[in-house]
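Participant: Can you read through this structure? Questions will come right after.
The values are calculated or read from the model by the stated rules, or taken from the named source; none is laboratory data. Since we're looking at a predicted model, the values are computed, not measured. Here the Cβ positions follow ideal geometry from the backbone for every residue, glycine too, while neighbour counts run over all protein chains shown.
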2 protein chains.
Amino acid sequence: MTEIQPSASTRHRLVIVGGGFGGLEAVHNLRNADMDITLIDQRNHHLFQPLLYQVATSTLATSEIAWPIRHLLRKYKNVKTLLGTIDGVDTAARTVSTADGETIPYDTLVLATGARHAYFGHDDWEPFAPGLKTLEDATTIRRRILTAFEKAEREPDPAKRAEYLTFVMIGGGPTGVEVAGTIADLARDTLKGDFRVIDPASARVVLIEGGPRVLPAFSEDMSAYAKQALEKLGVTVHLGNPVTECHTDGVEFGGQSLRAQTIIWAAGVQASPAAKWLNVPADRVGRVVVNADLTAPGYPEIFVIGDTATVANGGKGTVPGIAPAAKQQGVHIAKTIKARLVGDQSPRPFVYHHDGDLATIGKRAAVTDFGWIKLKGYIAWWLWGLAHIYFLIGLRNRLAVALSWLWISVSGARSARLITQKDAAEEANTP
Amino acid sequence: MTEIQPSASTRHRLVIVGGGFGGLEAVHNLRNADMDITLIDQRNHHLFQPLLYQVATSTLATSEIAWPIRHLLRKYKNVKTLLGTIDGVDTAARTVSTADGETIPYDTLVLATGARHAYFGHDDWEPFAPGLKTLEDATTIRRRILTAFEKAEREPDPAKRAEYLTFVMIGGGPTGVEVAGTIADLARDTLKGDFRVIDPASARVVLIEGGPRVLPAFSEDMSAYAKQALEKLGVTVHLGNPVTECHTDGVEFGGQSLRAQTIIWAAGVQASPAAKWLNVPADRVGRVVVNADLTAPGYPEIFVIGDTATVANGGKGTVPGIAPAAKQQGVHIAKTIKARLVGDQSPRPFVYHHDGDLATIGKRAAVTDFGWIKLKGYIAWWLWGLAHIYFLIGLRNRLAVALSWLWISVSGARSARLITQKDAAEEANTP
């Protein structure tokens, strides 16, 4: 058991766990504060999750949407970055412990540890229906999609071939809609002419949503437009029946069976175990029910933000689990922490400003809803593209992503169509 | 057991196994020939191996040096691409068999199945000293290099920390020299300022070559220059003593022990088992000893090219195992196959033209030897860069690679510094 903190320091010690949107934003806003900040993440990279589905569908390379955290923070002299997995918090001793047996002391703690996809009692579905939260998830899904076309090309049995050419998305939120639309584009456009036996355009892309409409965060007319746009791309949309079974040959829902070799899970997330570490109340998906100032109940020195927390949004439900909300929370707690450092202990409730919702459907359509204006179609798609390029960190990545998109738009080719190493689950699952 | 070939065809059936430089060049030169060509590869991508070390050292992304084979060949209407692993040849029945139990008939067969790195009786060294031949090898090595710096940052014991900061390259050929030079650049330049506890510039980079000099394919003065350039970058070069042991804590050579947590193997290759499939004579590293026309002894209908064949180079030893040689062989056999198709059975011995040798040492130096002119230093480095961009397949990748290099050259940042999923060997090997 080793202590990482230099013993000489008497400065305030802030430990931030998680280098996602919330954690990074907090660090950024505290870069000039008179304190020692330690940022801990189990990955060496910050991931631009809103574009992860583009890696899964061969549009972007992994390095176009991820950057080493320590490099992003290299100029912040009060910040130390550690690669490590946290497995507990000792709230009495005020330390966090890592899986390697280290303990790291804090005066103030920020838990911004995010969420993973979850199967809600059906964890056995994971091998058949992987989710999309990490770079590895994305390359796994990319490998499965591309391998399915390769297997179909070699398959003499037409029924089996159809199974390989059936792609099922479970979940009609932005991820499900975006993946479905992009696979449809891939099949109808990018792969055109590449095969000799199969016609990739004959692939079936199916989206299954248990609720009454896709993109439930949007207005009803936007949902209706998104469904229509998906259908125009050749995606079959099933609404109103949740999936009741996933297995090696396909899925079951609403009393019917659908045979498919590629299934992607985008139907739910589970927060990281921050509530368990702190032994505080959590909601249905494990998020800490935080106070209005984003502190954990009973622990004014512990903030919980982003996808691992839930907080009321004025009178309108709870703050949504999206990147802009996590960033606003990071900014907010940075202000609170700075105020406290100079003795200002006044309560600072978090107020969320909803800037809008964006989702793309394939290469040519999108829906955007900024409250005061709603857009759909090609203009919305361009707006979506500009917004995402704008928010990408770092000049070079903006350029590289813009170049990738421009190239795909002009040529239809996707540069990142690589089938790389199999994982263990894959080996077990595929014939 | 299924036959893939459409039964209706009476055209000449050419099967090419391997989509590397030799196999692709043969296909390209036969794209208008009146025959049915099947290209089989166990990967879906062609790999630009000369730049693989740049993926291993975080300079380039995987998709910048690899392209889907079927997409490269999509316009060649007489070519069918199959993803599959060949495990044998039935020379009597004239079929190749795949690991999935399929058999594919041929009239003419081309084996261009390449080579893997090899440990020559020390396969147990592989977990400690991975080699560099595939994209997965490259991401494994990248992960190990970057993880070593992360572990050093967290390690309180100075001796252990020094072990994490010691990088050993085994083998002084182009790969060993290029990897050593790039790791030195990474440590001294790219990672500068990213860490708080360690100084990445204090990393030891050690190159161990059993022979008397590095880059033995070059002239003695070029070898001497390369050694000097490596030393200037801070690389320690040990010559004359082969490694006698690799284990979890480091390597042994020339009676001394060197403790290191990152070891990379670039000391030897072994040809794919084509000689075993055909039951024909092979050299020391398993390459088929082919006839002057690149056919296998006793099988005029079977060609073996590239790294899996060996053939005399006029009076000067054998043709070297490099990309330009494989490409020339691909062009040569395409001519032979076309001539035979119109009844011309005259013998066509292969004549190799050596265009030159190129190797880089870090970001600012290289050695080139074109026979008529030898260059070293910065000019040679630019020449090396231009030559590689020129030979990269596809406009977009040329642009993307040029952009990556330019960015690194100007900013010192490397965009592909991602630690992605661990492999099983890694899990077992690291503490």
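Participant: Could you tell me which residue of the range B:261-285 is nearest to residue B:170 (Cα to Cα), considering only residues that are free of Cβ contacts under 8 Å to residues at least 60 places away in the same chain and among the small types (Gly, Ala, Ser)?
Facilitator: The residue in question is B:282.
Participant: Let me ask another. Looking at the range B:361-372, I want the residues that are assigned by TED's automatic domain parsing to the domain that holds residue B:224 and closer than 11 Å to residue B:215 by Cα and have a partner that is of a type in the set (D, E, K, R) and assigned to a loop (DSSP other than H, G, I, E, B) with Cβ atoms under 6 Å, at least 6 apart or on another chain. Which pairs are those?
Facilitator: none
Participant: Among the helices (runs of 4 or more DSSP H) confined wholly to the range A:54-172, which include 3 or more residues that are outside the structural domain of residue A:186 (by TED's automatic domain parsing)?
Facilitator: Because the criterion is at least 3 residues that are outside the structural domain of residue A:186 (by TED's automatic domain parsing), the helices (runs of 4 or more DSSP H) in the range A:54-172 that meet it are A:69-72.
Participant: From the list A:118, A:180, A:138, which one is farther than 17 Å from residue A:204 by Cβ and in contact with a strand residue (DSSP E or B) (Cβ under 8 Å, 6 or more places away or on another chain)?
Facilitator: Step by step, each of A:118, A:180, A:138 is checked, and only A:118 is farther than 17 Å from residue A:204 by Cβ and in contact with a strand residue (DSSP E or B) (Cβ under 8 Å, 6 or more places away or on another chain).
Yes/no per residue for (1) at pLDDT 95 or above; (2) over 25 Å from residue A:144 (Cβ atoms):
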residue: A:204; (1), (2): yes, no
residue: A:207; (1), (2): yes, no
residue: A:216; (1), (2): no, yes
residue: A:230; (1), (2): yes, no
residue: A:248; (1), (2): no, no
residue: A:253; (1), (2): yes, no
residue: A:258; (1), (2): yes, no
residue: A:263; (1), (2): yes, no
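Participant: Right, here's the next one. Go through A:10, A:59 for me and flag whichever is at pLDDT below 95 and away from chain B (no Cβ under 11 Å). Please lay out each step first, then the result.
Facilitator: Working: A:59 fails: away from chain B (no Cβ under 11 Å).
After ruling out the rest, the residue left standing is A:10.
Participant: Given the criteria within 14 Å of chain B (Cβ to nearest Cβ), over 16 Å from residue A:260 (Cα atoms) and either among the β-branched types (Val, Ile, Thr) or not in a helix (DSSP H, G or I) (or both), does residue A:193 qualify?
Facilitator: Judged against the criteria, residue A:193 is a match.
Participant: Which of the residues that make up the range B:187-202 are over 16 Å from residue B:151 (Cβ atoms) and either basic (Lys, Arg) or touching a residue at least 60 places away in the same chain (Cβ under 8 Å) (or both)?
Facilitator: B:188, B:189, B:190, B:192
Participant: In the list B:79, B:110, which residue meets the criterion of being in contact with a Lys or Arg (Cβ under 8 Å, 6 or more places away or on another chain), buried (at least 21 other Cβ atoms within 10 Å of the Cβ) and more than 30 Å from residue B:258 (Cβ to Cβ)? Give the derivation first.
Facilitator: Values: B:110 fails: in contact with a Lys or Arg (Cβ under 8 Å, 6 or more places away or on another chain).
It is B:79.
Participant: A follow-up question, please. Would you say residue A:230 is in contact with a Gly (Cβ under 8 Å, 6 or more places away or on another chain) and part of a helix (DSSP H, G or I)?
Facilitator: When the stated conditions are applied, residue A:230 passes them.
Participant: Mind listing just one residue for me: the one in the range A:148-162 that is more than 15 Å from residue A:417 (Cβ to Cβ) and small (Gly, Ala, Ser) and, of those, surrounded by the most Cβ atoms within 10 Å (Cβ to Cβ)?
Facilitator: Filtering the range A:148-162 for residues that are more than 15 Å from residue A:417 (Cβ to Cβ) and small (Gly, Ala, Ser), the one surrounded by the most Cβ atoms within 10 Å (Cβ to Cβ) comes out as A:152.
Participant: Would you mention how many residues in the range B:62-76 are in contact with a Lys or Arg (Cβ under 6 Å, 6 or more places away or on another chain), more than 8 Å from every other protein chain (Cβ to nearest Cβ) and crowded, with 24+ Cβ neighbours inside 10 Å?
Facilitator: Selection size over the range B:62-76: 0.
Participant: If you take the residues of the range A:185-220 that are touching a strand residue (DSSP E or B) at 6+ places or on another chain (Cβ under 8 Å) and among the charged types (D, E, K, R), which of them is surrounded by the most Cβ atoms within 10 Å (Cβ to Cβ)?
Facilitator: Per the stated criteria, the residue is A:209.
Participant: Residue by residue through the range A:67-100, note down the ones that are of a type in the set (D, E, K, R) and in contact with a strand residue (DSSP E or B) (Cβ under 8 Å, 6 or more places away or on another chain).
Facilitator: Of everything in the range A:67-100, those that are of a type in the set (D, E, K, R) and in contact with a strand residue (DSSP E or B) (Cβ under 8 Å, 6 or more places away or on another chain) turn out to be A:70, A:80, A:87, A:90, A:94.
For (1) more than 14 Å from chain B (Cβ to nearest Cβ); (2) acidic (Asp, Glu), each residue gets a yes or a no:
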| site | (1), (2) |
| --- | --- |
| A:133 | no, no |
| A:149 | no, no |
| A:153 | no, yes |
| A:163 | yes, yes |
| A:166 | yes, no |
| A:172 | yes, no |
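Participant: Another question, if that's okay. Every residue in the range A:91-100 that is in contact with a Gly (Cβ under 8 Å, 6 or more places away or on another chain) and more than 10 Å from every other protein chain (Cβ to nearest Cβ), please.
Facilitator: A:96, A:97, A:99
Participant: Can you tell me which of B:182, B:175 is closer than 25 Å to residue B:308 by Cβ and either assigned by TED's automatic domain parsing to the domain that holds residue B:303 or in a helix (DSSP H, G or I) (or both)?
Facilitator: Step by step, each of B:182, B:175 is checked, and only B:175 is closer than 25 Å to residue B:308 by Cβ and either assigned by TED's automatic domain parsing to the domain that holds residue B:303 or in a helix (DSSP H, G or I) (or both).
Participant: Which is away from chain A (no Cβ under 14 Å), free of Cβ contacts under 8 Å to residues at least 40 places away in the same chain and under 25 Å from the mean Cα position of the chain (by Cα), of B:88, B:121, B:114?
Facilitator: Selected residue: B:121, the only one of B:88, B:121, B:114 that is away from chain A (no Cβ under 14 Å), free of Cβ contacts under 8 Å to residues at least 40 places away in the same chain and under 25 Å from the mean Cα position of the chain (by Cα).
Participant: Taking the criterion of being out of contact with any strand residue (DSSP E or B) (no Cβ under 6 Å at 6 or more places or on another chain), touching a residue at least 40 places away in the same chain (Cβ under 8 Å) and surrounded by fewer than 22 Cβ atoms within 10 Å (Cβ to Cβ), would at least one residue in the range B:303-310 satisfy it?
Facilitator: No; the residues of the range B:303-310 include none that is out of contact with any strand residue (DSSP E or B) (no Cβ under 6 Å at 6 or more places or on another chain), touching a residue at least 40 places away in the same chain (Cβ under 8 Å) and surrounded by fewer than 22 Cβ atoms within 10 Å (Cβ to Cβ).
Participant: If residue A:388 meets every condition in (1) under 20 Å from residue A:226 (Cβ atoms); (2) surrounded by fewer than 19 Cβ atoms within 10 Å (Cβ to Cβ) apart from one, which number is that one?
Facilitator: (2)
Participant: If you go through the range B:34-45, how many residues are in contact (Cβ under 8 Å) with a residue 60 or more places away in the chain, within 12 Å of chain A (Cβ to nearest Cβ) and farther than 15 Å from residue B:116 by Cα?
Facilitator: Count: 3.
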